[in-house]
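Data block below; observations after.
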Amino acid sequence: MSQNHLAELAQQTVKQALERGASDAECTIREGNEFSVNVRMREVESLKQAGSRTAGLRALRGKRAGSAYTSDLSAEGIERMVASALELAAITGEDPHAGIPEPGELGAISADLQLYCSDVERIETAVKIDLARAAEAAALDADPRITNSEGGSFDSRTGRRVFANSRAFVGEYRSSYCSLAAVPVAREGDSMERDYWVSMARSFAGLEPAAHVGRVAADRVLRRLGARKVKTQRVPVVFEPRTARSLLSNVFEAVHGESIYRHASFLAGRLGEKVATEALTVIDDGTIPGLFGSSPFDDEGVPSRLTAVIERGVLKSYLLNTYTARKLGMKTTGNASRGVSGNTGIGHGNLFIEPGERSPGEIIARIADGLYVTELIGSGVNIVTGDYSRGAAGLWIRNGEFAFPVSEVTIAGNLNKMLMDMEAIGSDLEFRGSTAAPTLLIREMTVGGR
Amino acid sequence: MSFSESFFSSRFAITRGDLESYISEALSQGGDYADLYFEYLSTSQISIDESIVKSATQGVSLGVGVRVIAGERTGYAYSDDLSPEKIRQAAHVAACIAAGPAKVEKTPLEEGRKRNLYPVLTAPHETAFLERMDLIKRADAAARGYDPRIFQVQATYADSLRHVMVATSAGVLSFDRQPLARMGVAALARQNGSAPQRGYAGGGGRVELSFFLEEKTPEHFAREAARQAIVQLDAVDAPAGETTVVLGPGWPGILLHEAVGHGLEADFNRKKVSAFSGRIGQQVASPLCTVIDDGTIRNRRGSLNVDDEGNPTQRNVLIENGILRGYLQDALSSRILRASPTGNGRRESYEHIPMPRMTNTFMLAGESDPADIIRSVPKGIYCANFGGGQVDITSGNFVFAASESYLIEDGKLTRAVRNATLIGNGPEALRYVSMVGNDLQLDEGIGICGKEGQSVPVGVGIPTLKIDRMTVGGTA
């Protein structure tokens, strides 16, 4: 189906919902193609290629909302979806804040955000296989201790998102994505470790070279070999950019409009307060060309924008959609996020920490004893209380240098205190996904081990 | 039910001849094996928040996945359109993984033996929406009524009805109707202006709606969620470092899922990237431990009549008296390892390549009285409930996050402690099991397991367990 057809279909679906008794309606149609190849031990292991489409409708009858979705985009499929959504909108509860954005709030960024690059679709399968193979080979060939691998892989996706609502908004955009990864396994004595490196880009041309991807993955896995557990102690903890990003995800959950109105966040009710060290500024910006968190409009048709979430340590804004904004007596921040089913949720654009002055090397150099965290596992973060306890692996810092690898330990603290105790923010900010953070140093956390 | 009465045959007029011709197309470039996975999935979900039913959704997705295996290579394609041209096109794309002459010998499709582990006449998905909505309204009222300190309640009910059909070049023809339902309640409590605390409980299975009316009612889950939130109000900091850990029965069985289950999936082992690779026949746990994965338990969330490759599920012994016995197999790994399939080939949907996955994973009961186990601990913690867990299968390190635990002091449970992550190493952790209770319980039916981006429903269970040494990630 051509692009005009999908936009027309979305508009017709909204019209059909109104004719059947909806007071407002929103229709989303997503279309996507995916390709992936995995090469393991230099041989192609799997190759996948396919495309699919889904439509979703959210319908309101006054203050009651219902939604439905279908992968069947035929006239009958759409009709069934409309009937399903309306059936539900007749029996859900009246919610005084339910609705869709005001006409004045709707719109899209007109500048080209460079979300789609056609080179992703033009690359031949053989080239993609060769790249995956080269990334893995670079890791395998880097060191004799790398004797095994979970493979090298190349993935690409292209997609189109169409959105229409009953207040005359209709918009669409295409997007593309590709990635190249290597996952080597290294062994020395009884110690076996795995690590990875991945390069992601919206354009094929934007990927890091395969040799680099494999080499970085190899360096990462090699430095984990022979890891040991350390004694339980309180020490400074450094998060490298890859793990620092997860702290940013915790901050996102804590400023998420739904957590705020339910009082289910340690940051609820604290707008205008100092919640972090003065050095910390957290920005959400959905308008940066070419990045993964950018979009011309959010998932309810409101233009994406820049929002300062924390500015010099002060909590400046929550991240909101229309619903949570109304609940809180505020305005949407253009952060609506919705797949094709259910009510509208909240997502972030490009969420990042503004870089500081010090290089990672300078940060580490000042630490006598501490943990440099390269991997976090588990889900032990309680956003309601801020309690933080996760599994970690990394490198021990002694006298300003990496001394030995560490694993099977926990790091624990409370996010309230961790944000205040952020002693250094690195200068090494890089966008490798829709969250980005430089190296971060937390003055003290409990490392749980022997 | 015979093929002609089956869902895809009657609704989409798919014939045996069609299936055979698609498989021929899939093997047209050579290839050793091909299969087709047809799926028609209907789902619904309803949520209540602030005592208002704010969200209700229902939907349908359907499609077919075509897989071709050539040696150790897999080609995969899918279509969300069941027209013959689109299925043939997908088969053609998947076929290109192989490079050789078309495979000519054909095995006629034969229907396997039938059984029904979830004899659900009317799936919850097929009942009136208002009845299901009533469940979450009852949960909301019960959680709020439990204690005046409960100030926020969210309850969600979700169900699905999945029709699947699998046809393979090995001659397997299977179809199944898979109902699933689950409800969950989250409650927040606070007192005297203190920070709020959260509790969560939920459950379900491959059951009729009557399960929620007679066996595990909305009030049961609501009171449990509220109770957990209230308990946390007085919690103290969890200890940090190695200590004795007693796990309560049921959901804490997530320990097995992370510590050993994933590491025993055959894909990781044939690639030798698991901490358990090459250890069959070795002692990997205390002799008190016998660990089973069983996809055949009636009405359980992790059970299946046939796995997503058409093979019947079964009861598999993973660890027997501490000795590692076997791996969880799918079609590809069992071909390469020349082992029998174990009924563990699962996938999230027709868009996904199957992998070895767990079903219901649990430890057999031992002989100790749970009260004696607690009495035997001078100093340690007792964990009654958990959130999620995760494992790095290569190093074997795993974590699971305790959401309700208590200090054990001089053989008695004393104060509640705050959430903390527990960390251990798979091939080592179970060696420290020194007592196994006589009180095996399976969880209430809320498990979701994620692997390589695919989610599938699973179950876990343990009796009360004493682990002499494990690292607790607290701050005290």
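The values are calculated or read from the model by the stated rules, or taken from the named source; none is laboratory data. Bear in mind that the values here come from a model prediction, so they are computed numbers and not experimental data. Heads up, the Cβs are rebuilt from the backbone with ideal geometry, glycines too, and the neighbour counts pull from every protein chain shown.
Given the options B:Val164, B:Val207, B:Val185, B:Val153, name the one that is touching a strand residue (DSSP E or B) at 6+ places or on another chain (Cβ under 8 Å) and part of a loop (DSSP other than H, G, I, E, B). Talk me through it step by step, then tell me what you get.
Numbers: B:Val164 fails: part of a loop (DSSP other than H, G, I, E, B); B:Val185 fails: part of a loop (DSSP other than H, G, I, E, B); B:Val153 fails: part of a loop (DSSP other than H, G, I, E, B).
Checking each option against the conditions leaves just B:Val207.
Suppose the filter is of a type in the set (S, T, N, Q) and surrounded by fewer than 18 Cβ atoms within 10 Å (Cβ to Cβ); does A:Ser265 pass it? Judged against the criteria, A:Ser265 is not a match.
So that you can scan it fast, the table gives a plain yes or no per residue for (1) small (Gly, Ala, Ser); (2) under 30 Å from A:Ile288 (Cβ atoms); (3) touching a Cys at 6+ places or on another chain (Cβ under 9 Å); (4) away from every other protein chain (no Cβ under 14 Å):
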{"site": "A:Thr344", "(1), (2), (3), (4)": "no, yes, no, no"}
{"site": "A:Gly356", "(1), (2), (3), (4)": "yes, yes, no, yes"}
{"site": "A:Ser359", "(1), (2), (3), (4)": "yes, yes, no, yes"}
{"site": "A:Gly391", "(1), (2), (3), (4)": "yes, no, no, no"}
{"site": "A:Pro405", "(1), (2), (3), (4)": "no, no, no, no"}
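Counting just the residues of the stretch B:422-433 that are in a strand (DSSP E or B) and within 14 Å of another protein chain (Cβ to nearest Cβ), which one comes out surrounded by the fewest Cβ atoms within 10 Å (Cβ to Cβ)? That would be B:Asn425.
If I filter the stretch A:351-373 for residues that are of a type in the set (S, T, N, Q) and in contact with a Leu (Cβ under 6 Å, 6 or more places away or on another chain), do I get at least one hit? Full working, then the answer.
First, the residues of the stretch A:351-373 that are of a type in the set (S, T, N, Q): A:359.
Right, trim to in contact with a Leu (Cβ under 6 Å, 6 or more places away or on another chain) and you get none.
Scanning the stretch A:351-373 turns up no residue that is of a type in the set (S, T, N, Q) and in contact with a Leu (Cβ under 6 Å, 6 or more places away or on another chain).
With A:Lys274, A:Lys327 as the choices, which residue is over 27 Å from A:Gly104 (Cα atoms) and touching a Gly at 6+ places or on another chain (Cβ under 9 Å)?
A:Lys274
Residues in the stretch B:118-138 include at least one that is in contact with a helix residue (DSSP H, G or I) (Cβ under 8 Å, 6 or more places away or on another chain) and under 30 Å from B:Phe3 (Cα atoms).
Among the residues of the stretch A:51-85, write down those that are in contact with a Gly (Cβ under 7 Å, 6 or more places away or on another chain), among the polar types (S, T, N, Q) and under 15 Å from B:Gln45 (Cα atoms). Once the filter is applied, which keeps residues that are in contact with a Gly (Cβ under 7 Å, 6 or more places away or on another chain), among the polar types (S, T, N, Q) and under 15 Å from B:Gln45 (Cα atoms), the stretch A:51-85 yields A:Ser67, A:Thr70.
Listed here are the residues, each with its yes/no results for (1) modelled with pLDDT of 95 or more; (2) under 27 Å from A:Ser389 (Cβ atoms); (3) touching a Leu at 6+ places or on another chain (Cβ under 6 Å).
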{"position": "A:Ser259", "(1), (2), (3)": "yes, yes, no"}
{"position": "A:Gly272", "(1), (2), (3)": "yes, no, no"}
{"position": "A:Ala276", "(1), (2), (3)": "yes, yes, yes"}
{"position": "A:Asp285", "(1), (2), (3)": "yes, no, yes"}
{"position": "A:Ile288", "(1), (2), (3)": "yes, no, no"}
{"position": "A:Leu291", "(1), (2), (3)": "yes, no, no"}
{"position": "A:Ser294", "(1), (2), (3)": "yes, no, yes"}
{"position": "A:Glu300", "(1), (2), (3)": "yes, no, no"}
{"position": "A:Ala308", "(1), (2), (3)": "yes, no, no"}
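Taking into account only those residues within the stretch B:386-421 that are away from chain A (no Cβ under 14 Å) and farther than 17 Å from B:Ala476 by Cα, which is surrounded by the fewest Cβ atoms within 10 Å (Cβ to Cβ)?
Step one: list which residues in the stretch B:386-421 are away from chain A (no Cβ under 14 Å), which gives B:406-415.
Still in the list and also farther than 17 Å from B:Ala476 by Cα: B:410-413.
Numbers: B:Asp410: 9, B:Gly411: 15, B:Lys412: 12, B:Leu413: 16.
The selected residue is B:Asp410.
Taken over the stretch B:87-96, the criterion of being crowded, with 19+ Cβ neighbours inside 10 Å, in contact (Cβ under 8 Å) with a residue 60 or more places away in the chain and at the interface with chain A (Cβ under 9 Å from one of its Cβ atoms) is satisfied by B:Ala94 alone.
Condition check ((1) touching a strand residue (DSSP E or B) at 6+ places or on another chain (Cβ under 6 Å); (2) within 16 Å of A:Glu375 (Cβ to Cβ)) across all residues:
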{"site": "A:Glu408", "(1), (2)": "yes, yes"}
{"site": "A:Ile411", "(1), (2)": "yes, yes"}
{"site": "A:Asn416", "(1), (2)": "no, no"}
{"site": "A:Glu423", "(1), (2)": "yes, no"}
{"site": "A:Asp428", "(1), (2)": "no, no"}
{"site": "A:Leu440", "(1), (2)": "yes, yes"}
{"site": "A:Glu444", "(1), (2)": "yes, no"}
{"site": "A:Gly448", "(1), (2)": "yes, yes"}
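B:Ala56 falls short on exactly one of the conditions (1) crowded, with 23+ Cβ neighbours inside 10 Å; (2) closer than 21 Å to B:Cys96 by Cβ, and that condition is (2).
Sort out which residues of the stretch A:382-400 are small (Gly, Ala, Ser), in a strand (DSSP E or B) and surrounded by fewer than 20 Cβ atoms within 10 Å (Cβ to Cβ), and write them in order of number. Working first, answer last.
Residues of the stretch A:382-400 small (Gly, Ala, Ser): A:386, A:389, A:391-394, A:400.
With the extra rule that they be in a strand (DSSP E or B), the set shrinks to A:389, A:391-394.
Answer for the stretch A:382-400, where residues must be small (Gly, Ala, Ser), in a strand (DSSP E or B) and surrounded by fewer than 20 Cβ atoms within 10 Å (Cβ to Cβ): there is none.
The residue that is nearest to the other protein chains (Cβ to nearest Cβ), among those in the stretch B:191-207 that are surrounded by fewer than 22 Cβ atoms within 10 Å (Cβ to Cβ) and farther than 19 Å from B:Ala142 by Cβ, is B:Ala195. Filtering A:Arg220, A:Arg270 for residues that are within 14 Å of chain B (Cβ to nearest Cβ), over 24 Å from A:Glu311 (Cα atoms) and not hydrophobic (A, V, I, L, M, F, W, C) leaves a single hit, A:Arg220. I'd like to verify a number: residues in the stretch A:367-381 that are modelled with pLDDT of 95 or more and either more than 9 Å from chain B (Cβ to nearest Cβ) or part of a loop (DSSP other than H, G, I, E, B) (or both), how many? Total satisfying the criteria: 9.
Considering each residue of the stretch B:38-54 in turn, at least one proves to be of a type in the set (A, V, I, L, M, F, W, C) and farther than 30 Å from A:Gly93 by Cα. For the stretch A:141-166, residues that are over 24 Å from the mean Cα position of the chain (by Cα), of a type in the set (A, V, I, L, M, F, W, C) and either surrounded by fewer than 21 Cβ atoms within 10 Å (Cβ to Cβ) or part of a strand (DSSP E or B) (or both) total 2. Within the stretch A:412-450, the set of residues being assigned to a strand (DSSP E or B) and in contact with a Ser or Thr (Cβ under 7 Å, 6 or more places away or on another chain) comprises A:Ala412, A:Gly413, A:Met422, A:Gly426, A:Thr435, A:Thr446, A:Val447, A:Gly448. Starting from residues that are over 19 Å from B:Gly366 (Cβ atoms) and among the polar types (S, T, N, Q), keep the ones in the stretch B:318-339 and report whichever is surrounded by the fewest Cβ atoms within 10 Å (Cβ to Cβ). Out of the qualifying residues, it is B:Ser334. Sub-9 Å Cβ pairs linking a first residue in the stretch B:463-476 that is of a type in the set (Lys, Arg) to a second residue that is part of a loop (DSSP other than H, G, I, E, B), at least 6 apart or interchain, are B:Lys466/B:Ser376; B:Lys466/B:Val377, ordered by first then second residue.
Taking the criterion of being more than 8 Å from chain A (Cβ to nearest Cβ), in contact with a Gly (Cβ under 9 Å, 6 or more places away or on another chain) and of a type in the set (Gly, Ala, Ser), the only residue of the stretch B:52-70 that qualifies is B:Ala70. State yes or no: is B:Pro84 closer than 26 Å to A:Thr125 by Cβ, more than 7 Å from chain A (Cβ to nearest Cβ) and in contact (Cβ under 8 Å) with a residue 60 or more places away in the chain? In short, yes. Residue pairs, Cβ under 8 Å, 6 or more apart or interchain, first in the stretch A:400-427 and without any contact (Cβ under 8 Å) to a residue 12 or more places away in the chain, second of a type in the set (A, V, I, L, M) and part of a strand (DSSP E or B). List them. Cβ pairs passing all conditions: A:Ala403/A:Leu395; A:Ala403/A:Ile397. For the stretch A:169-196, residues that are within 12 Å of chain B (Cβ to nearest Cβ), in a strand (DSSP E or B) and either touching a Ser or Thr at 6+ places or on another chain (Cβ under 7 Å) or surrounded by fewer than 19 Cβ atoms within 10 Å (Cβ to Cβ) (or both) total 8. From the list A:Gly339, A:Gly293, which residue is within 14 Å of chain B (Cβ to nearest Cβ) and either part of a loop (DSSP other than H, G, I, E, B) or among the β-branched types (Val, Ile, Thr) (or both)? It is A:Gly339.
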